[in-house]
Number of protein chains: 2
Amino acid sequence: MSTVGLQLRELREKAGFSLRKAAVAIDIDVAILSKMERGERKFSKELVVKLADLYKTNSDKLVIDYLSEKVLYELGDEEFGLEALKVAEKQLIYKKINTHG
Amino acid sequence: MSTVGLQLRELREKAGFSLRKAAVAIDIDVAILSKMERGERKFSKELVVKLADLYKTNSDKLVIDYLSEKVLYELGDEEFGLEALKVAEKQLIYKKINTHG
DNA sequence: AATGCTTTTGACAATATTAGTCAACACATA
DNA sequence: TATGTGTTGACTAATATTGTCAAAAGCATT
């Protein structure tokens, strides 16, 4: 269940693009796009953004979901996954406070 | 700055193992262990646990830190990293509630 | 049925990434 | 010198990811 894939598929259909047209527009093989939408292959962030642009949609939420999926994939069904996420969050917040930019 | 690496280095020294002895004990090349402790190479979870065992330490916190580092590495300096972590957390919690085990 | 479009599938090659091996180096100390 | 410490870089091997292609399958329409 790749929510990014499903979301992008819906967006594509609403925007009236066939799989082929969309694939050509962002310069990838149609087979890859097909697989990505169905969660059989991973997206790259670049492609997510390109597709969002193509469909005239803001990409922020899609990117966030994309990253979230990536993180969850990395964690697998790890026993301490939740704890790890909380630690990671703390680190990020700490970093955010103590950096310029 | 790999906290897992530093933690394991301290633990090793406190446990009185030389790099070579520890590497032999867990059956890896000493060069790899050296690099891992200094954050030049990634650990695997298996090695973290093996080392914790060798040093007679509970591995839970180390594993959590290991996973956290892995996640943060994946996110890089992504603008929406924090948001992604929060989404991932929600997913995990949701999953935890709705599964047996 | 035949055409023309769609999407899916699998096989394969090309690339990139990661992991493992080894020898040499530098430093300290007995 | 000889022994033990940790570090470094070059190299190979193993794995994973990505890209390419052709064929197949689905679905309307003519």
Worksheet, complete the sentence: Going through region B:1-13 in order, the residues found to be loosely packed, with under 14 Cβ neighbours inside 10 Å and either within 14 Å of DNA strand C (Cβ to nearest atom) or farther than 28 Å from residue B:71 by Cβ (or both) are none
Worksheet item: Can residue A:43 be described as out of contact with any strand residue (DSSP E or B) (no Cβ under 9 Å at 6 or more places or on another chain), closer than 29 Å to residue B:45 by Cα and among the aromatic types (Phe, Trp, Tyr)?
Response: yes
Fill in: Wholly within region A:9-101, helices (runs of 4 or more DSSP H) carrying at least 3 residues that are in contact (Cβ under 8 Å) with a residue 24 or more places away in the chain, more than 7 Å from chain B (Cβ to nearest Cβ) and of a type in the set (Lys, Arg)
none
Worksheet item: For the subset of region A:1-35 comprising residues that are over 15 Å from residue A:49 (Cβ atoms) and acidic (Asp, Glu), which member is farthest from DNA strand D (Cβ to nearest atom)?
Response: A:10
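Tell me the residue from A:69, A:83, A:89, A:79 that is more than 18 Å from the chain's Cα centre (by Cα), within 17 Å of residue B:81 (Cβ to Cβ) and of a type in the set (Asp, Glu), please.
Numbers: A:69 fails: more than 18 Å from the chain's Cα centre (by Cα); A:83 fails: within 17 Å of residue B:81 (Cβ to Cβ); A:79 fails: within 17 Å of residue B:81 (Cβ to Cβ).
Selected residue: A:89, the only one of A:69, A:83, A:89, A:79 that is more than 18 Å from the chain's Cα centre (by Cα), within 17 Å of residue B:81 (Cβ to Cβ) and of a type in the set (Asp, Glu).
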Fill in: Residue count for region B:16-32, restricted to those that are within 11 Å of DNA strand C (Cβ to nearest atom) and more than 16 Å from the chain's Cα centre (by Cα)
8
Worksheet entry | residue B:17 more than 30 Å from residue A:61 (Cα to Cα), crowded, with 20+ Cβ neighbours inside 10 Å and of a type outside the set (Ser, Thr, Tyr) | no
Discussion item. Here is a list: B:50, B:35, B:61, B:42. Which entry is within 14 Å of DNA strand C (Cβ to nearest atom), of a type outside the set (Phe, Trp, Tyr) and either modelled with pLDDT under 95 or closer than 22 Å to residue A:95 by Cβ (or both)?
Written reply: B:42
Worksheet entry | Members of region B:20-46 that are in contact with a Gly (Cβ under 7 Å, 6 or more places away or on another chain) and surrounded by 19 or more Cβ atoms within 10 Å (Cβ to Cβ) | B:36, B:37
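Considering every residue within region B:87-101, establish whether at least one is among the small types (Gly, Ala, Ser), closer than 21 Å to residue A:72 by Cβ and within 16 Å of DNA strand C (Cβ to nearest atom).
Looking for residues that are among the small types (Gly, Ala, Ser), closer than 21 Å to residue A:72 by Cβ and within 16 Å of DNA strand C (Cβ to nearest atom), one finds none in region B:87-101, hence no.
The values are calculated or read from the model by the stated rules, or taken from the named source; none is laboratory data. It should be emphasised that the depicted structure is a prediction, and the values quoted were computed from it without experimental measurement. Every residue, glycine among them, receives a Cβ derived from its backbone with ideal geometry; neighbour counts consider all protein chains shown.
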